[in-house]
Amino acid sequence: MNINAGHNSSDGERGLPMVSVVLPAGSPWSPFADDALLTRPFAGERALRNANDSTVLGASLTLNGSIGSWQTNFGVNYARGWASNLLEIGIDRARIQQAIAADAAFDPYGPWDESLLLATRGQARSENLSARLNVRKTIVDLPAGPLVWNLTANASRNRSHSRQEGGEGTGDGGGDAGAVERRTTRHQASGQMTLSLPIARRGEAGPAWLGDLSLDLSASKQAMTGSRAQKRYGANLSWSPWSIVQLRGSIDRAEAAPSFDQLDAPIVTTVTRVFDYGRQEVAEPLWITGGNPDLRGGSRQSVSLAATLRPLGGQALTLNLGYSQSVAKGGIAGFPELTPAIEAAFPERVTRDAEGRLVAVDARAINIARATDAELSSGIALRLGQARAGERSKVAPEPLQISVSLNHRYRLKSELLTRSGLPAIDQLRAGGQSRHNLSMQLSVGKRGIGANLGGNWSSPSVLRGAADDAAFRFKPPLTFNLSAFMEPDRLFGLPKGKGVLDGLKISVEVQNLFNGYRRVMLDDGTVPPGYSRNEIDPLGRTVRISIRRKF
């Protein structure tokens, strides 16, 4: 049994609210014979606020055991959540101007009630109850191994109640005008069946040249309130003609439907700092996230091939090579980076003022017409210092273990068709995505002490602007992260249960070791606004020290 609780809160200030109002001629508050323009802050240094709070309480229970010849696993989860959001947008100029004209006693210079601030407020409550049952059974023992049948059933109920108020005052005087309430209850059920079929086993069943050969077949079905049932089929083939070679292939076809959160999550409005490619300037629009009840389902097909070679036997040296391709039609995706191409495809999601400045972006999930991705992957891993079975001695010291891995990903295709009738977006050629990615890991350690160095590099990329000749050129950095830990009781073999060092773990983590950042330039070599060193990554290198002790 597990019981958990969590609370998150954030408070931000986003600048002084300023307003300009007209003091009409003849106003007792104006010494001028003509209309006068008064510009003032709301109240001294009182800034606009942005506050978010969320609380989650949950409990789960898991049972494992055998029922007859079935291996069973049953789990149930329950969670409740509460969330609130406040975003002050500015000063209600229209109400203040109306008060100046209608009430001679209204003081345009004095303190103003907070009900004159425009704001959006949101409150939400959610409840989730889910259960999962998995049963596994060996149907028959074949010459090549057991034929295993695996069944999984899931059921859940999700409830949500949200209330959104827009443009109301933040004080107690705010009314209910414009408030939108949503209550949603959705039930979901799914079932999956997997059949593991061994076909041949080296030296025991089948021709010797066939080696190890097995096939996994799977089928599932899922249904949720408000959407039609989705089906999924898959097959995985594993073949090892020799002990040092393993080949794998898989094919999968799935019908996809939006999740409960994608449909019914509460609307949250924040202010996000983004780069406006259209105007080539930094903007701070209202950023709207949450559920989108207009989402529809889609389908996805994927194929993958992989090969693993261990020329030295065991885990000392491993070589990997793989290919994967996926095609999604009518699927669901998070709102992409707001490039000119995305804005042209979803103009209803972007709001600009009369001067073209970015005001608001509806960044909820979207449906896409088609997304196609294909890539090659390769890797090499080397492990040293591992004692073989039967070689470890209680007298001899534990050997230092070293592992090194290097992985490369080469993206062959990444094409996004947002809507039918529009041109597809080649995200590798003009969408700002890198074609190559290289990562490495170096780990050194033994019982009670260890260190890890990780590195990552991506190739330069290009993002096309509104015109073909306007391009933003991105040059990602070569970044390294370093971490190390020490457990004194295990390192020095201290007796259990004695001393302050028992169960103590000290960790040090350095992110972005060499303080790199992604460089951005225009075609003429200049750095666009918003892409200076401190604007891209104001934090830079970070060092974290953690001390943990088990009691």
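The values are calculated or read from the model by the stated rules, or taken from the named source; none is laboratory data. If you're wondering where the values come from, they're calculated on a predicted model, not measured in any experiment. As a convention, Cβ positions derive from the backbone with ideal geometry for all residues, glycine included, and neighbour counts pool all protein chains shown. When the accessible area is computed, the model is the full protein with side chains, heavy atoms only, and any ligands, DNA or RNA have been set aside. Shrake-Rupley method; radii C 1.70, N 1.55, O 1.52, S 1.80 Å.
Identify, from the list 178, 203, the residue that is open to solvent by 40 Å² or more (accessible area, probe 1.4 Å), part of a loop (DSSP other than H, G, I, E, B) and either modelled with pLDDT of 90 or more or farther than 19 Å from residue 84 by Cβ (or both). Explain how you work it out, then say what you get.
On the way: 178 fails: either modelled with pLDDT of 90 or more or farther than 19 Å from residue 84 by Cβ (or both).
After applying the criteria, what remains is 203.
Specify the residue that is surrounded by the most Cβ atoms within 10 Å (Cβ to Cβ); the eligible residues are those in segment 206-221 that are in a strand (DSSP E or B) and among the aliphatic types (A, V, I, L, M).
Taking segment 206-221 as the starting set, the residues that turn out to be in a strand (DSSP E or B) are 212-221.
Still in the list and also among the aliphatic types (A, V, I, L, M): 213, 215, 217, 219.
Details: 213: 20, 215: 14, 217: 14, 219: 14.
So, considering only residues that are in a strand (DSSP E or B) and among the aliphatic types (A, V, I, L, M), the one surrounded by the most Cβ atoms within 10 Å (Cβ to Cβ) is 213.
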If you take just the strands (runs of 3 or more DSSP E) that sit entirely in segment 424-533, which of them hold at least 3 residues that are open to solvent by 50 Å² or more (accessible area, probe 1.4 Å) and farther than 17 Å from residue 275 by Cα?
436-446, 449-458, 479-486, 504-511
Going by what's in this entry, would residue 299 be described as among the polar types (S, T, N, Q), over 30 Å from residue 313 (Cβ atoms) and outside any loop (DSSP other than H, G, I, E, B)?
yes
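Go through segment 6-38 and give me each residue that's open to solvent by less than 80 Å² (accessible area, probe 1.4 Å) and part of a strand (DSSP E or B). Outline the logic, then answer.
Residues of segment 6-38 open to solvent by less than 80 Å² (accessible area, probe 1.4 Å): 6, 9-10, 12, 14-15, 17, 19-27, 30, 36, 38.
Once the filter is applied, which keeps residues that are open to solvent by less than 80 Å² (accessible area, probe 1.4 Å) and part of a strand (DSSP E or B), segment 6-38 yields 6, 9, 10, 12, 19, 20, 21, 22, 23, 36, 38.
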Looking at (1) within 26 Å of residue 191 (Cα to Cα); (2) of a type outside the set (A, V, I, L, M, F, W, C); (3) in contact with a helix residue (DSSP H, G or I) (Cβ under 9 Å, 6 or more places away or on another chain); (4) open to solvent by less than 30 Å² (accessible area, probe 1.4 Å), which one does residue 128 not meet, given that it meets all the others?
(4)
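Could you check, for segment 270-284, whether at least one of its residues is small (Gly, Ala, Ser), buried (at least 17 other Cβ atoms within 10 Å of the Cβ) and either over 23 Å from residue 141 (Cα atoms) or touching a residue at least 40 places away in the same chain (Cβ under 8 Å) (or both)?
Taking segment 270-284 and keeping what is small (Gly, Ala, Ser), we get 278, 283.
Now restrict to residues that are buried (at least 17 other Cβ atoms within 10 Å of the Cβ): 278, 283.
When the remaining residues are screened for being either over 23 Å from residue 141 (Cα atoms) or touching a residue at least 40 places away in the same chain (Cβ under 8 Å) (or both), the result is 278, 283.
Within segment 270-284, one or more residues are small (Gly, Ala, Ser), buried (at least 17 other Cβ atoms within 10 Å of the Cβ) and either over 23 Å from residue 141 (Cα atoms) or touching a residue at least 40 places away in the same chain (Cβ under 8 Å) (or both).
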Which one of these is part of a strand (DSSP E or B) and either at pLDDT below 90 or under 29 Å from residue 286 (Cα atoms) (or both): 126, 115?
126
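Results for (1) open to solvent by 70 Å² or more (accessible area, probe 1.4 Å); (2) in a strand (DSSP E or B); (3) among the charged types (D, E, K, R), shown as yes or no for each residue.
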{"position": "81", "(1), (2), (3)": "no, yes, no"}
{"position": "86", "(1), (2), (3)": "no, yes, no"}
{"position": "111", "(1), (2), (3)": "yes, no, no"}
{"position": "120", "(1), (2), (3)": "no, yes, no"}
{"position": "137", "(1), (2), (3)": "no, yes, yes"}
{"position": "141", "(1), (2), (3)": "yes, yes, yes"}
{"position": "153", "(1), (2), (3)": "no, yes, no"}
{"position": "161", "(1), (2), (3)": "no, yes, no"}
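Filter segment 13-43 for residues that are without any contact (Cβ under 8 Å) to a residue 60 or more places away in the chain and of a type in the set (Gly, Ala, Ser); which is nearest to residue 91 (Cα to Cα)?
15
In segment 534-551, what count of residues is obtained for those that are within 27 Å of the chain's Cα centre (by Cα), assigned to a loop (DSSP other than H, G, I, E, B) and loosely packed, with under 12 Cβ neighbours inside 10 Å?
Our first condition is that a residue be within 27 Å of the chain's Cα centre (by Cα); within segment 534-551, this holds for 534-546.
Within this subset, residues satisfying the condition of being assigned to a loop (DSSP other than H, G, I, E, B) are 537-541.
Applying the additional criterion that residues be loosely packed, with under 12 Cβ neighbours inside 10 Å yields 538-539.
Here the count works out to 2.
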For a quick check of your reading of the model, give me the residue pairs whose first member lies in segment 88-111 and is without any contact (Cβ under 8 Å) to a residue 60 or more places away in the chain, whose second is open to solvent by less than 70 Å² (accessible area, probe 1.4 Å) and part of a loop (DSSP other than H, G, I, E, B), with beta-carbon atoms closer than 8 Å and at least 6 apart or on different chains.
99/106
I'd like to know if segment 325-343 contains one or more residues that are under 19 Å from residue 289 (Cβ atoms), open to solvent by less than 20 Å² (accessible area, probe 1.4 Å), out of contact with any Phe, Trp or Tyr (no Cβ under 9 Å at 6 or more places or on another chain) and among the aliphatic types (A, V, I, L, M).
no
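How many residues are in a strand (DSSP E or B) and closer than 30 Å to residue 179 by Cβ if we restrict to segment 255-290? Steps first, please.
First, the residues of segment 255-290 that are in a strand (DSSP E or B): 255-256, 268-271, 274-276, 281-283, 286-289.
Going one step further and asking which of them are closer than 30 Å to residue 179 by Cβ, we end up with 268-271, 274, 283, 286-289.
Within segment 255-290, residues that are in a strand (DSSP E or B) and closer than 30 Å to residue 179 by Cβ number 10.
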Residue 300 open to solvent by 60 Å² or more (accessible area, probe 1.4 Å), under 30 Å from residue 162 (Cα atoms), in contact with a strand residue (DSSP E or B) (Cβ under 7 Å, 6 or more places away or on another chain) and among the basic types (Lys, Arg)
no
Of the conditions (1) touching a Pro at 6+ places or on another chain (Cβ under 7 Å); (2) of a type in the set (A, V, I, L, M, F, W, C); (3) touching a residue at least 24 places away in the same chain (Cβ under 8 Å), the single one that residue 501 does not satisfy is (3)
